[in-house]
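Let me begin by presenting the structure, written as structure tokens, before commenting on it.
No lab work stands behind these numbers, since they all come straight from the coordinates. Keep in mind the model is a prediction, meaning the values are calculated, not measured. In this analysis, Cβ positions are derived from the backbone assuming ideal geometry, glycine residues included, and neighbour counts consider all displayed protein chains.
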Amino acid sequence: MEPLTGMGVLALMGAAATIAGASEDLESDVGSQSNPNSQVQLAPQMMYPHRIHSKAVSGEPPSNALMCAIGGTTASVLVSTGASAALALAIGAIVAATIHGTYAATSYLGRSASQKRFKQPVYLDVMRSHIPVIMGYSFITTFCILVVSYLMATVLAHPFPLPLLAFIWGITVGAVGSSTGDVHYGAERQFQNVEYGSGLNAANSGNIVRKAESGLRNGIDNSWFCAKFGGPVTGLAFGMTVFLSGWITAVFDPSRGDAIGWVSVIAGVIIVLILILWNRNIEVAARKAYGTYKEDENEAEVAA
Amino acid sequence: MSAGGSGAAAEAIPQNNIIAFGVAGGLIGIYAAYFLVDIAGQYMSFIGALGAICGMIWGAAAVRRVASYGLGTGVPSIGMLALGMGVLAATFGLAVGGIAGPVLAVISAAIIGLMVGILANKVLKMGIPIMEVSMTEIATAGTITIVGLAVAMTGTFDFAVILEQVITTGYIAVIFIAGGLAILHPFNANLGPDEKQDRTLMCGLEKGAITMIIAGIVASVNEGASGALTILIGLALWYIGFSGYYDRVKRDAYDVVGSGLLPSKEELE
């Protein structure tokens, strides 16, 4: 393949992956999936019933792998019957989003019903308002992941079939969303009622913010908050993962010889080293700027 | 007390009955599909998915039992482990077993599961009393799920056909993840101190029906199997599962309200 074509395809994949990453994180935030879910689950037990959707499907990697594998399977079946790729990918993503909606419904109903003794009601309007949003985001995620996988399978001639590629990218986008985006929601948004940077004291467990700027807080408020930073940064992280991991073999194409293949490996190692150093510098700079956690005067008195 | 606690889960249906349901239903479904596709025609391939649903409900019951010992966030992992062991056992059994393939797959799954259970308790010292039994159950249920769905997709458990139409085409990925979530999701979705066995298992039926629909979508392009009937029966079972589940949610929940404020302080006391 022409190197220029390869770079063009790679750019398209990177763009699709960036959107997928952003929508994946926001989709998990609407339903409080993954890490923040433990506090949503805990809240009623600590006498804090709430109106926040609990989408306890599983960790983000398996649930996104499910969406993308279903989308990839449906699309691959449709393509093999002669349907156009764009139509097949869109229908695959619709099927995946619908099934994800049923998972979101059963987990909210089940988790709330299992908290009967803590008097957590099941709010049907929470389901009605949240599940379409969740399905919308999951459609965007699945469609973009399918675009990435389809381009890899057809244009870049990857040896893996479409459903398997979609499955693997689904796990990856879930893992990136879980590690990058959740921090923004779980650590900050859920505990805006404690001082910034104070960490989660055991006494505050389950004491999540339940009242919004206006009315009672729900998952859609949380996705609004996360759309400002957590979602986009997840998109950038996943977009970079897809782009950089493809870039090294697009520029140093291993099919042109073993030596160039090894150059691509070395380029990959250099990129990882640069990222490690960069991250370390950000961490050191942040610690210098914000310092360690400062005790309150009250705490200092108690300690003395 | 189940879920989040650390003790045996309360069971309305004894686990032994569910084991019998899972093994017998699963194997009967797989073999009935295999023979009836030859005798009556390819549209009988849907029976394989019914067998797989028996396996998934059994798997969900087994996950529920072992995860009640305070496994919490380990529930998804154990579901993935089930299908991981299942893929190994299913490919091995079908590759060497011929007509006895599914039985051989089930037996090898039981052996792998038992070994993993012994490792978990003796080496990792997890100290869960029913670990060995549950791991054996989970691995076997995962295997029945994989073989059942593969039969529903292809109409046969002949390894050459499965290799060509399920594994090389990548559809094994969707069997793996959809089957795994059907086993792990029911208990995970109902986690909490007031979890009930029948509600969890009804959720298992609903999720199993979804995998049946997916198997039907794949079957529609394979010559040996028929997709339309599988998808239709899958949709009907999904409806039965979801409405049954919603009825049980209404029965078990503190309150099901269309909308409303949070319970007041007086109510909470």
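Calculate one ³J(HN,Hα) per residue across segment B:254-261 by plugging θ = phi - 60° into the Karplus curve 6.51 cos²θ - 1.76 cosθ + 1.60, and present them in order as whole Hz with x for glycine and proline.
Taking θ as phi minus 60°, the curve returns 4, 6, 10, 10, x, 7, x, 7 Hz for segment B:254-261.
For chain B, report the % of Cα-Cα distances exceeding 28 Å.
33
Taking R0 as 56 Å, what's the FRET efficiency between A:Ala86 and B:Glu269 from their Cβ-Cβ distance, rounded to 0.05? Can you show the working numbers first?
Details: r = 58 Å, r/R0 = 1.03.
Rounded to the nearest 0.05, the efficiency is 0.45.
For chain A, what does the helix formula give at 222 nm: sum of -39500 (n - 2.57) over DSSP H segments with n ≥ 4, over the residue count, nearest 500 deg cm²/dmol? Don't jump to the answer; show the numbers that get you there.
Values: 10 runs with 200 residues, N = 304.
That calculation yields -22500 deg cm²/dmol at 222 nm.
Once amide H atoms are built 1.01 Å from N in the peptide plane, which residues 5 or more positions from A:His53, or in another chain, come under 5 Å H to H?
A:Gly219
Quick check: the angle from helix A:162-176's long axis to the longest principal axis of chain A, C-alpha only, nearest 10 degrees?
Orientation of helix A:162-176: about 40 degrees from the principal axis.
Taking Cα atoms, how many degrees apart are the long axis of helix B:197-219 and the longest axis of chain B, rounded to 10 and kept between 0 and 90?
Once rounded, the angle reads 30 degrees.
Against the empirical 2.2 N^0.38 Å scaling, what ratio does the C-alpha Rg of segment B:1-131 come to?
1.17
Could you please rank B:Asp252, B:Asp247, A:Asp221, placing first whichever residue has the fewest other Cβ atoms within 10 Å of its Cβ?
Exposure proxy ranking, most exposed first: B:Asp247, A:Asp221, B:Asp252.
Only helical DSSP H runs with n ≥ 4 go in: add -39500 (n - 2.57) per run for chain B, normalise by residue count and round the 222 nm mean residue ellipticity to 500 deg cm²/dmol.
The per-residue figure over chain B is -24000 deg cm²/dmol.
To the nearest µm²/s, what D does Stokes-Einstein give for segment A:1-124 at 10 °C and 1.306 mPa s, using the Kirkwood radius over alpha carbon pairs as Rh?
Values: Rh = 16.7 Å.
D = 95 µm²/s.
Taking other Cβ within 10 Å of each residue's Cβ, how do B:Asp158, A:Asp29 sort, fewest first?
By the 10 Å Cβ count, ascending: B:Asp158, A:Asp29.
Show me, bin by bin at 10 Å from 0, the whole-percent P(r) of segment A:3-239 based on Cα pairs.
Each 10 Å bin holds this share of Cα pairs: 8, 33, 32, 17, 8, 2, 0.
When a footprinting reagent is the concern and you count Cβ atoms within 10 Å, what order do A:Trp247, A:Trp262, A:Trp224 take, fewest first?
Ranking A:Trp247, A:Trp262, A:Trp224 by Cβ neighbours within 10 Å, fewest first, gives A:Trp262, A:Trp224, A:Trp247.
Can you list the residues of segment B:22-44 with backbone N under 12 Å from a point 7 Å past the Cα of B:Ile99, pointing along Cα to Cβ?
From segment B:22-44, the list is B:35.
With point charges of +1 on the Cβ of Lys and Arg and -1 on the Cβ of Asp and Glu, referenced to the Cα centre of the protein assembly as shown, which listed residue (B:Gly180, B:Gly22, A:Thr172) lies farthest in the positive direction of the dipole?
Among B:Gly180, B:Gly22, A:Thr172, the one farthest towards the positive end of the dipole of the protein assembly as shown is B:Gly22.
For the pair A:Ala11/B:Ala236, report the inter-label distance in nm, with labels modelled 7 Å from Cα in the Cβ direction.
5.4
Considering chain B as a Gaussian network with a 10 Å cut-off on Cα pairs, which listed residue, B:Asn222, B:Asn16, B:Asn188, attains the greatest mean-square fluctuation?
Greatest mean-square fluctuation among the candidates belongs to B:Asn16.
Given A:Gly92, A:Gly181, B:Gly127, which one lies farthest toward the positive end of the charge dipole of the protein assembly as shown, if we put +1 on the Cβ of every Lys and Arg and -1 on the Cβ of every Asp and Glu?
Ranked along the dipole, the leading option is B:Gly127.
Would you count, across the protein assembly as shown, every pair of lysines whose alpha carbons are under 28 angstrom apart, provided the pair is eight or more residues apart or spans two chains?
Close lysine pairs found across the protein assembly as shown: 29.
Say we join alpha carbon atoms closer than 10 Å with springs in a Gaussian network model of chain A; which of A:Gln33, A:Gln115, A:Gln192 then has the biggest fluctuation?
Result: A:Gln192 has the largest fluctuation of those listed.
5 Å is the cut-off here: which amide hydrogens, built 1.01 Å from N in the peptide plane, fall below it relative to B:Val256, excluding neighbours closer than 5 in sequence?
A:Val122
How far apart, in nanometres, would the label points at A:Val194 and A:Leu124 be if each is projected 7 angstrom from Cα along the Cα-to-Cβ direction?
For the pair A:Val194/A:Leu124, the computed spacing is 3.7 nm.
For chain B, take the longest principal axis of its alpha carbons; what is the angle in degrees between that and the long axis of helix B:101-118, to the nearest 10 within 0 to 90?
Helix B:101-118 sits at roughly 40 degrees to that axis.
Taking the Cα centre of the protein assembly as shown as the origin and placing charges on Cβ (Lys, Arg +1; Asp, Glu -1), which of A:Asn207, B:Ala9, A:Ser28 is farthest toward the positive end of the dipole?
B:Ala9
I'm a student and want to see the number: the projected area of the Cα convex hull of the protein assembly as shown, averaged over all directions, in nm².
Directional mean of the projected Cα hull area for the protein assembly as shown stands at 29.0 nm².
Taking the alpha-carbon centroid of each part, what is the distance from segment A:128-175 to segment B:77-131 in angstrom?
Cα centroid to Cα centroid, the span is 30 Å.
For segment B:9-20, just list the computed ³J(HN,Hα) in residue order, Karplus coefficients 6.51, -1.76 and 1.60, θ = phi - 60°, integers in Hz, with x standing in for Gly and Pro.
Running phi through 6.51 cos²θ - 1.76 cosθ + 1.60 with θ = phi - 60° gives 7, 6, 10, 7, 9, x, 4, 4, 5, 5, 4, 4 Hz.
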